[in-house]
1. So which of ARG36, ARG24 ends up being assigned by TED's automatic domain parsing to the domain that holds ASN388, at pLDDT below 95 and open to solvent by 40 Å² or more (accessible area, probe 1.4 Å)?
2. Residues ASN218, ASN209: which one is more than 16 Å from the ligand (Cβ to nearest atom), modelled with pLDDT of 95 or more and not β-branched (Val, Ile, Thr)?
3. Take the residues of the stretch 317-350 that are more than 16 Å from the ligand (Cβ to nearest atom) and of a type in the set (Phe, Trp, Tyr): which is farthest from VAL229 (Cα to Cα)?
4. Which ranges mark the helices (runs of 4 or more DSSP H) fully within the stretch 194-311 that have 2 or more residues being closer than 30 Å to ASP57 by Cα and open to solvent by 30 Å² or more (accessible area, probe 1.4 Å)?
5. Among the residues of the stretch 56-73, is any within 23 Å of TYR137 (Cβ to Cβ) and either modelled with pLDDT under 95 or touching a Pro at 6+ places or on another chain (Cβ under 7 Å) (or both)?
6. Answer yes or no: is there a residue in the stretch 163-181 that is closer than 16 Å to ILE214 by Cβ and without any contact (Cβ under 8 Å) to a residue 24 or more places away in the chain.
7. For GLY97, work out the one condition from (1) within 16 Å of the ligand (Cβ to nearest atom); (2) on the phi > 0 side of the Ramachandran plot it doesn't fulfil.
8. Do we find that GLY368 is crowded, with 21+ Cβ neighbours inside 10 Å, of a type outside the set (Phe, Trp, Tyr), on the phi > 0 side of the Ramachandran plot and in contact with a strand residue (DSSP E or B) (Cβ under 9 Å, 6 or more places away or on another chain) in this structure?
Amino acid sequence: MQIESASISQLAEWEKELSTHYERIRQHELNLDITRGKPSAEQLNLSDKLDGILSGDYRAAGGTDTRNYGGLIGLTCARELGADMLQVPTEEVIAGGNSSLTLMYHAVLTGYLFGFAGNTPWRELKAPKFLCPVPGYDRHFTICEQLGIGMINIPVNAQGPDMDLVEKHIREDNEIIGIWCVPKYSNPTGVTYSEETVERLAQLGQIANPGFRIFWDNAYAVHDLGHYVSLPSIRAATLENDTADSVLQFASTSKVTHAGSGVAFVSATGDNLKSLQQQMQAMTIGPDKVNQLRHSRFFTECTSLKDHMRKHADILRPKFDCVLEHLHNGLAGMNLGQWEKPQGGYFVSFNTRPGCAKAVVNLATEAGVKLTPAGATFPYGKDPEDSNIRIAPSFPPLEELDTAMAVFVLCVKLASVRQRLKHLHQKG
Ligand SMILES: Cc1ncc(COP(=O)(O)O)c(C=O)c1O
């Protein structure tokens, strides 16, 4: 049935059927969760050889005793792993602790408190702002919100952020000092930035405030579900445009090995790395080098990064298929929502009819299926269209995901029909 052409009585009948079904499900007192993009236990198991891999041999190449203090920028072998993930030279990489989010937070703090590469600290500007491609990663937005950095929504299309709008804002406002980018398999849209988008982003350094930085969060650099998708190199593009200082790249092994105990990386030009190190050296004597060595050995002695990620993909693919099948079988052609098939990453982004996302999430919660709160994918938690819902299929077992998605589809239908009915009643 097409919701737009249905009469009030047809819709009322449909609403009654859906409500009965929904009430039946509520009786089951489900307790399912498809909120966060966490690896499943089965995925974590793939890296269990990390445990014990050092067998008492704590020396890295060159003789460093990794158990001791020191080595602010990380072991060379760990930096090589980061260089491989980000496709950059090892000299341009710092290997840190377990979280790239922490490195991003430190990088924003560095820009805010001290400024990068001799530029004005952002805190000295009247109204420093970041451009935020939306929907995006909630924790990026939380960093800005916490520091009082303003945020401007930039819609994401199939090529990446709307670059006309990005350039317009930067030309009009010299206090735009950053943009968040998840360039491959974006969280949550799954979009990979096109060549043209990367090229235009690389040119921003020519028109922006000299302190402006692109936060290139390549969290899903090696997280292909099928064939390898190549992301145009932002480093190469900025070198060609003489804007290399405008980019800070990030990645980690969080969704490669063990999510809570991986290794994170930041890559940038020498001047930017120097600014980061100046801040880091007041904060730490060095990262967890024992863990860095474990990771390096794991990827030289046990498996290659490529083979390892293939195993992740084999576990994840049926879960993504499950989500997409439910959406297709339950909603295709009904005009009740939009979604894309991602080629990698951790999410399926679903857009309800405008104004329905909160209602869907509430209905699902009431029925025992936890979803990421509506609005979470936007700065300040405010989705102007109340439409985007991020579905994270990785963590629950397939049977649970199957049930959760059946409930999700039902809630989309119910919320949409109720909204339409209300609208028609209000129209009189
Ligand atoms: C885009 C993005 N960046 C960063 C992270 C967190 O990475 P880490 O575990 O390295 O802090 C996530 C995790 O969901 C993410 O989706």
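1. ARG36
2. Numbers: ASN218 fails: more than 16 Å from the ligand (Cβ to nearest atom).
Answer to the check: ASN209.
3. Across the stretch 317-350, the extreme among qualifying residues is PHE350.
4. 270-283, 289-297
5. No: zero hits.
6. Yes, there is a match, as at least one residue in the stretch 163-181 is closer than 16 Å to ILE214 by Cβ and without any contact (Cβ under 8 Å) to a residue 24 or more places away in the chain.
7. Result: GLY97 fails condition (2) only.
8. The answer is no for GLY368.
The values are calculated or read from the model by the stated rules, or taken from the named source; none is laboratory data. Quantities reported herein were computed from a predicted structural model and do not represent experimental measurements. Counting neighbours? That spans all protein chains shown, and the Cβs are built from the backbone with ideal geometry, glycine included. Only protein heavy atoms, including side chains, enter the accessible area calculation; ligands, DNA and RNA are left aside. Shrake-Rupley method; radii C 1.70, N 1.55, O 1.52, S 1.80 Å.
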